[in-house]
Amino acid sequence: MAFNDLLLQNFTAAVPTHHCRPPADTNLSKDGELDAWLPRDRQGRPESCLRFTSPQRGLPFPNGTETNGTGATEPCTHGWIYDNSTFPSTIVMEWDLVCSRRALRQLAQSLYMVGVLLGAMIFGHLADRLGRRKVLILNYLQTAVSGTCTAFAPSFPVYCAFRLLSGMSLAGISLNCMTLNVEWMPIHTRACVGTLIGYVYSLGQFLLAGVAYAVPHWRYLQLLVSVPFFAFFIYSWFFIESARWYSSSGRLDLTLKALQRVAWINGKREEGASLSMEVLRASLQKELTLGKGQASAMELLRCPALRRLFLCLSMLWFATSFAYYGLVMDLQGFGVSIYLIQVIFGAVDLPAKLVGFLVINSMGRRPAQMASLLLAGICILINGVVPQDQSIVRTSLAVLGKGCLAASFNCIFLYTGELYPTVIRQTGLGMGSTLARVGSIVSPLVSMAAEIYPSVPLFIYGAVPVAASAATVFLPETLGQPLPDTVQDVENRRRGKRRQQRQERKQMVPLQASAQAKDGL
């Protein structure tokens, strides 16, 4: 994706400084006339959601200046006046999503996340049934159309509807792109490709900050980030369907065509020409006998081996997303330009994902996943006990925690794709992404616990990833391992690990007996 659409609403739905608009017959050009309608807060700033029922003039304020007095107030019945020095137009300004209507702003973002959740479930299942390429082409078209229609939305309900559709399609794009890369890439390049995809996400954050600064009007910005998807839709027709998906579906003729086309693109024409139906039948005998037909989503709970993967990975997906969005909301208290914050968010990911890649490639997926979650949780927990006035320490810990969670996201996408078999890989990724969306929806609710004690949300945000990191103990390592194609492959991998453990225990018994015999001598 060219831009991070999830963070787009930080700019299109930014809330500028605002105050009540006085009655229409008020002469705003006259000095002090506007101030006469505006009550002040304790800092001397105009109230955002209240105005005087009648103009208050000449009443002294405690600091000795002539101010607005303390007359009766009422809600803003004539609308609001917005400060458009930073943002000339946002959905908040256009549809007055402030004061009693401020919850509608969060509703738009929540509906987007609901769309991502639905898209992960629906398009993940469809990709296992219809293929990765077809669903990906549909997702690009849906994103382009729904995003463009959002820019021309005549009302807030229409805007929300198109944002929901955009969330659905973008979830399908992220899942299918990762799956196609994992299923086509050689074993030794999977981690590298997964990290590059993560860096594209970070690049989108940088570009979004620059584009939003250059095009601050929300409709133009929305249109600018949506139109490129029409180009993505066109070139997506040149994508090659996953040969693994073809073979797992029993379509050997299409598997041969896909492999020959890839061999031609890679300059391996002789190797491609040597492939034949007989060669494929011999090398893919296992897929043809065990992989015909598609496994249903219920297999994730019905099969013991898949059930363990599903439960453990669900915990990892939920914890990563839950802590990530909880921390992102806390990082918004930097008190600097929103554009600078966006750049900081992207900059933190660069070293974090590089370190994550090195650990993934050298030590393995399981230690990388465990370390990233554990370290992120510890940083957040420490932040909960650091005094509020230690802003530098708190900010540093928050940035470090956010970077660890970014590395965790990078790892979990790759790890999930390598653990699930081809026949149900996309469904498994979709269910994992669904749990991540649940975490992002629950996360804002936890922030309300700050009313009990300010650090309670941080303790919860930190405890969840620390607890979830223990789930990696029950997952197998996939570093250097071939991708499983069928459910039977997952069962065999599990049985092979048990058999290896039994053999190791048997080998230890003679060694112990020999040692005892030597002691007796």
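The values are calculated or read from the model by the stated rules, or taken from the named source; none is laboratory data. This one's a predicted model, so the numbers in the text were calculated from it and none came from an experiment. When we count neighbours, we look across all protein chains shown, and the Cβ atoms used for this are built from the backbone with ideal geometry, even at glycine. Keep in mind that these areas ignore ligands, DNA and RNA; they rest on the heavy atoms of the full protein, side chains included. Shrake-Rupley method; radii C 1.70, N 1.55, O 1.52, S 1.80 Å.
Can you name the residue in region 441-454 that is open to solvent by 10 Å² or more (accessible area, probe 1.4 Å) and of a type in the set (Ser, Thr, Tyr) and, of all such residues, is farthest from ALA376 (Cα to Cα)? Walk me through it before giving the result.
Keep residues of region 441-454 that are open to solvent by 10 Å² or more (accessible area, probe 1.4 Å), which gives 441-442, 444-454.
Then drop every residue that is not of a type in the set (Ser, Thr, Tyr), which leaves 447, 453.
On the way: SER447: 18, TYR453: 22 Å.
For region 441-454, the residue satisfying everything is TYR453.
Looking at (1) closer than 22 Å to SER155 by Cα; (2) of a type in the set (Gly, Ala, Ser); (3) open to solvent by less than 50 Å² (accessible area, probe 1.4 Å), find the lone condition where SER110 falls short.
The one condition SER110 does not meet is (3).
Among the residues of region 227-242, are any crowded, with 19+ Cβ neighbours inside 10 Å and not in a helix (DSSP H, G or I)?
yes
Just one of the numbered conditions (1) open to solvent by less than 60 Å² (accessible area, probe 1.4 Å); (2) more than 20 Å from the chain's Cα centre (by Cα); (3) not aliphatic (A, V, I, L, M) is not true of GLY119; which one?
With (1) open to solvent by less than 60 Å² (accessible area, probe 1.4 Å); (2) more than 20 Å from the chain's Cα centre (by Cα); (3) not aliphatic (A, V, I, L, M) applied to GLY119, the lone miss is (2).
Can you tell me which residue in region 360-379 is farthest from the chain's Cα centre (by Cα), limited to those that are at pLDDT 90 or above and aliphatic (A, V, I, L, M)?
Top of the filtered list is ILE378.
So which residues in region 86-101 are open to solvent by 60 Å² or more (accessible area, probe 1.4 Å), of a type outside the set (Ser, Thr, Tyr) and either within 30 Å of ILE424 (Cβ to Cβ) or without any contact (Cβ under 8 Å) to a residue 60 or more places away in the chain (or both)?
ARG101 - this is the single residue of region 86-101 that is open to solvent by 60 Å² or more (accessible area, probe 1.4 Å), of a type outside the set (Ser, Thr, Tyr) and either within 30 Å of ILE424 (Cβ to Cβ) or without any contact (Cβ under 8 Å) to a residue 60 or more places away in the chain (or both).
Is it true that VAL200 is in a helix (DSSP H, G or I), open to solvent by 60 Å² or more (accessible area, probe 1.4 Å) and either over 30 Å from GLN342 (Cα atoms) or among the aliphatic types (A, V, I, L, M) (or both)?
yes
Determine the pairs where a residue that is in contact (Cβ under 8 Å) with a residue 40 or more places away in the chain, located within region 242-259, has a partner that is small (Gly, Ala, Ser) and open to solvent by 20 Å² or more (accessible area, probe 1.4 Å) with Cβ atoms under 9 Å apart, the partner being 6 or more residues away or on another chain.
Close Cβ pairs satisfying both conditions: SER249/GLY293; GLY250/GLY293.
Please verify whether region 149-159 includes one or more residues that are within 21 Å of the chain's Cα centre (by Cα) and surrounded by fewer than 18 Cβ atoms within 10 Å (Cβ to Cβ).
Within region 149-159, none of the residues are within 21 Å of the chain's Cα centre (by Cα) and surrounded by fewer than 18 Cβ atoms within 10 Å (Cβ to Cβ).
Please go through region 250-273 and pick out each residue that is loosely packed, with under 14 Cβ neighbours inside 10 Å, closer than 19 Å to PHE239 by Cβ and touching a helix residue (DSSP H, G or I) at 6+ places or on another chain (Cβ under 6 Å).
Matches in region 250-273: TRP264 only.
So which residues in region 457-496 are over 18 Å from PHE413 (Cα atoms) and of a type in the set (Ser, Thr, Tyr)?
The answer is TYR461, THR486.
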